[in-house]
Structure formats: C-alpha cells, structure tokens
Amino acid sequence: GVLVGSVLCAGLACLDQQLLQAREPSSREAIAPFSGCVVQAGGSAPNTATALRALGCGASVLSVLGSDLHGDELARQLAGEGVDTSLLVRRSDVSTSLAVLPVFEGGGRGCWVDLSANNLLTPDVVLGAMRAPGAAARLACVRALHVGYPHLLRGLQGTALLQLLEAAAEAVEAASGEAPIVSLDVNGATLGAAADADGVLGPALGKVDLLHANFEEACHISG
C-alpha cells in the first residue's frame with residue numbers, strides 16, 4: 001500500500017565533511033592531498049528524512065545537536081530540504097557530531113567521527129521532545145517511526161531501545177489515532193558481538209516491522 005502521512009526519523013545525526021579525491025596516506029604522518037570538500041547533513045535520521053522528502057513524503061528529524069555552528073548548518077540544510085526540524089533537541093553542553101569522510105581517488109572511503117551529541121540520545125530525551133508543548137500537532141500526521149544506528153548510540157541499546165520503541169509508538173498513536181509502522185536502520189553492527197550476543201537489538205526486535213541492514217551486517221546479527 002501507499003503510506004499517507006509523514007515519517008518521524010529519530011537517531012544518529014551528524015554533519016558530514018567529505019574530502020573529495022583524497023589520496024590514501026603512505027603513513028600515519030604523511031601529508032595526503034584531496035581536491036574539494038562537501039559539507040552536508042548526514043547520519044541515519046537526516047539521510048532518511050531528506051531521501052523521503054525527495055520522494056514527496058513528509059519527514060521530520062528527532063535527534064540531539066549542539067548549540068553551535070555545525071548544528072546550525074545541519075538544521076539549515078534539513079529545513080532547506082523541507083524536513084521538519086521542530087523536534088530537534090539543541091544542547092549548549094555538547095558539540096554537534098561531526099564526521100570526516102575522505103573519499104579516496106581509487107575508490108572507497110574512510111570515516112572519522114565524533115559522536116558527541118548523539119551520546120545524549122536516550123529514551124527520556126527522545127520522548128521528552130515528543131511530549132513537549134506543541135509536539136502532538138506534529139505527531140498527528142506521523143504514520144511511521146524510523147530509528148537509526150542503535151549500535152552507535154550507547155543510550156538506545158537493548159532494553160532502552162525497547163522502551164523507546166514502545167513509548168514512542170504509543171505517543172504517535174495517541175496523537176494520530178493510528179499505530180505507526182516501526183523501522184530500524186542498522187549501521188556498525190559488525191562492531192558488536194556476533195548473533196547479537198551483546199543484546200543491542202534482541203529485546204526490541206519484536207516491536208520492529210522493518211529492519212534495514214546490508215548483507216554483511218545481516219549475517220553478523222543472525223550469526
């Protein structure tokens with residue numbers, strides 16, 4: 001069927017700094033040139049939301065950003081794509097997450113990331129934003145809840161992830177009158193234990209309608 005309504009995208013958000021045509025350094029101390037730099041909103045929640053907007057679907061992002069220039073730029077880019085940013089949480093005690101991505105001239109890329117504000121994502125923070133004054137009006141049109149990259153979010157793993165999915169779905173249903181579709185986007189799964197032995201996903205999987213993972217991650221999770 002066709003989804004009529006919007007998607008609430010919660011989870012990891014960062015500002016991506018892509019170094020184009022980067023040369024792989026010959027050693028850790030070597031000077032490695034690149035040609036051009038692109039700065040854009042990144043992470044599961046922003047990437048999903050902007051892709052949905054490009055397809056004509058309403059989307060909003062719920063994550064934590066710092067009260068800094070990187071956070072301002074990330075929010076500006078999202079708003080420019082038509083993404084609802086009213087549920088973003090801005091904090092002055094932490095910096096916006098930044099990822100530096102050298103895109104190598106021979107193919108492939110590297111990734112250095114400071115998760116910063118994402119480490120503050122917990123069920124209480126996410127649900128607090130969903131229960132803030134005026135949020136119910138935003139949730140009234142939500143028909144799907146998407147949560148991204150729990151393996152990289154230390155506050156949204158295991159039973160905490162279960163708590164979030166249950167309570168967030170209840171909040172959406174209370175505002176919209178319909179239970180939302182729940183999807184989970186996986187990245188970094190191979191950093192955890194095989195067969196989900198560390199329990200990042202296991203307790204919450206019964207609440208998930210759609211699980212997105214690449215082949216390697218799916219094999220690792222399933223053992």
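The values are calculated or read from the model by the stated rules, or taken from the named source; none is laboratory data. For clarity, every value in this text was computed on a predicted model and none was experimentally measured. Because the Cβ atoms are built from the backbone with ideal geometry, glycine has one as well, and the counts that use them run over all protein chains shown. Surface areas here come from the heavy atoms of the whole protein model, side chains and all, with no ligands, DNA or RNA. Shrake-Rupley method; radii C 1.70, N 1.55, O 1.52, S 1.80 Å.
If you go through region 89-121 and keep only what is within 16 Å of residue 148 (Cα to Cα) and either basic (Lys, Arg) or without any contact (Cβ under 8 Å) to a residue 40 or more places away in the chain (or both), you end up with just 119.
Taking the conditions (1) touching a residue at least 24 places away in the same chain (Cβ under 8 Å); (2) within 22 Å of residue 184 (Cβ to Cβ) in turn, residue 55 satisfies each one other than (1). Residues that are on the phi > 0 side of the Ramachandran plot and open to solvent by less than 70 Å² (accessible area, probe 1.4 Å) within region 1-57 comprise 5, 11, 36, 43, 56, listed in sequence order. For residue 63, state whether it is of a type in the set (Ser, Thr, Tyr) and closer than 19 Å to residue 106 by Cβ. It is false that residue 63 is of a type in the set (Ser, Thr, Tyr) and closer than 19 Å to residue 106 by Cβ. From 61, 100, 113, grab the single residue that is assigned to a strand (DSSP E or B), open to solvent by 50 Å² or more (accessible area, probe 1.4 Å) and among the hydrophobic types (A, V, I, L, M, F, W, C). Only one candidate qualifies: 113.
From the list 78, 127, the one residue that fits, being touching a Pro at 6+ places or on another chain (Cβ under 7 Å), surrounded by 15 or more Cβ atoms within 10 Å (Cβ to Cβ) and touching a residue at least 12 places away in the same chain (Cβ under 8 Å), is 78. If only residues of region 52-109 that are over 12 Å from residue 41 (Cα atoms) and polar (S, T, N, Q) are counted, the one that is farthest from the chain's Cα centre (by Cα) is 92.
Which members of region 174-190 meet the condition of being under 14 Å from residue 207 (Cα atoms) and either assigned to a helix (DSSP H, G or I) or polar (S, T, N, Q) (or both)? Once the filter is applied, which keeps residues that are under 14 Å from residue 207 (Cα atoms) and either assigned to a helix (DSSP H, G or I) or polar (S, T, N, Q) (or both), region 174-190 yields only 183.
Any residue that is hydroxyl-bearing (Ser, Thr, Tyr) and within 19 Å of the chain's Cα centre (by Cα) - is there at least one of those in region 202-222?
No, that holds for no residue.
Among the criteria (1) more than 18 Å from residue 183 (Cα to Cα); (2) part of a strand (DSSP E or B), the one residue 93 does not fulfil is (2). Being surrounded by fewer than 17 Cβ atoms within 10 Å (Cβ to Cβ) and among the acidic types (Asp, Glu) is a property that residue 198 has. For residue 136, the conditions (1) free of Cβ contacts under 8 Å to residues at least 24 places away in the same chain; (2) open to solvent by 30 Å² or more (accessible area, probe 1.4 Å); (3) part of a helix (DSSP H, G or I) all hold with the exception of (1).
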